[in-house]
1. Sort out for me the Cα centre separation of region 161-181 from region 40-114, rounded to whole Å.
2. Would you compute, from DSSP H runs of 4+ residues alone, the mean residue ellipticity of the chain at 222 nm, taking -39500 (n - 2.57) per run and dividing by the full residue count, rounded to the nearest 500?
3. Report, for the chain, the % of DSSP beta bridges that are antiparallel, rounded to 5.
4. Under the classification rounded if a/c is under 1.5, otherwise prolate if a/b is larger than b/c and oblate if not, where does region 163-212 fall, given a ≥ b ≥ c as square roots of the Cα gyration tensor eigenvalues?
5. Over 30 Å apart: what share of the alpha carbon pairs of the chain falls there, rounded to a whole percent?
6. Would you mind telling me which residue in 179, 318, 23 has the biggest mean-square fluctuation in a Gaussian network model of the chain, where springs connect alpha carbons within a distance under 10 angstrom?
7. Can you give the FRET efficiency to the nearest 0.05 for residue 292 and residue 46, using r as the Cβ-Cβ distance and R₀ = 30 Å?
8. At R0 = 25 Å, how high is the FRET efficiency between residue 247 and residue 142 if r is their beta carbon distance? Nearest 0.05 is fine.
Ligand SMILES: NC(=O)c1ccc[n+]([C@@H]2O[C@H](COP(=O)([O-])OP(=O)(O)OC[C@H]3O[C@@H](n4cnc5c(N)ncnc54)[C@H](O)[C@@H]3O)[C@@H](O)[C@H]2O)c1
């Protein structure tokens, strides 16, 4: 990762807590923080049996201090913040799988909403200097007006979207109400190696293509998505944290995405071409699958202007790196039936 030093000129992040550090994006963010010499602690729940930690897969398990437990355990959060004298919290832990949230919304609201206010309360009491909360572009819900800008209304209709929107509003209220320097991120679909959530488009299609299976499209391929490479996402979290000393960043939301939207068919066709295993996308659906938003992409100009961030990894390059990662990690690929 190129992002070293303190581009914002403000105080440096010295000691960071990443909630959800064993997960896909959290582990890449830990890598970026270590690369800057930051002391990093991860708080994550006990992994389901057989599920590896992305921290271990990225080879940084020994460099990150790990605490195991739940987000809603306030006493544990207090101990973690105090033990490491944490100055910056990146709150990423969440129930992230749309289908899991739909199946058990109460459990997901507990993690995604109560978990968020529990983290915020711990940060407020401790006087943490910066908090970056991972909301999502899904919080916007379906809008005719695209790209999403940060001043659009949040109009969630599905439980995952609603959980992110609720936590987004709660998190931002902590700046005007309590003076806690917090910003929220509404990033587009993040992709890259180490994502073990195989219900997501890119990891599913990448592993299928590498294993010589035709990736199945549950839509007709026309839905439009915005893809953000995971190291660009990590750089965006850091750019926001670096800028939280400035008034115009506090209490604000920031989008980030790739340079332009792509249709699902374009994305999967690029994956099969780059995998070069002779398979083609298998388009089985009609229109958009139930419960998914048809067209989503973000305007990231606010983040560029306020924090100097821009994506560095284009789609072809990012998909190539992603395929290389899964090629090097056959052990995590879903079994071929
Ligand atoms: N991946 C994306 O495309 C994307 C896009 C926008 C926003 N986000 C947000 O970024 C964050 C990280 O997403 P990800 O893709 O890395 O997901 P992930 O599922 O890989 O990681 C989430 C982590 O949270 C942990 N977790 C869940 N419940 C917990 C609890 N109660 N206590 C402690 N830890 C708990 C999980 O064990 C997991 O390691 C999420 O908040 C997600 O909503 C992700």
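The numbers here are math on the coordinates, done by the rules we state, and not lab data. If you're wondering where the values come from, they're calculated on a predicted model, not measured in any experiment. Positions of Cβ are generated from backbone atoms using ideal geometry, with glycine treated the same way; all protein chains shown enter the neighbour counts.
1. 19 Å
2. Working: 12 runs with 126 residues, N = 337.
It lands at -11000 deg cm²/dmol.
3. On the way: 2 of 35 bridges.
Of all bridge pairs located within the chain, approximately 5 percent are antiparallel.
4. Details: a/c = 5.33, a/b = 3.78, b/c = 1.41.
Verdict is prolate for region 163-212.
5. Numbers: 17319 of 56616 pairs.
Percent of Cα pairs beyond 30 Å in the chain: 31.
6. 179
7. Working: r = 30 Å, r/R0 = 1.00.
Efficiency, from the Cβ-Cβ distance: 0.50.
8. Numbers: r = 33 Å, r/R0 = 1.31.
About 0.15, to the nearest 0.05.
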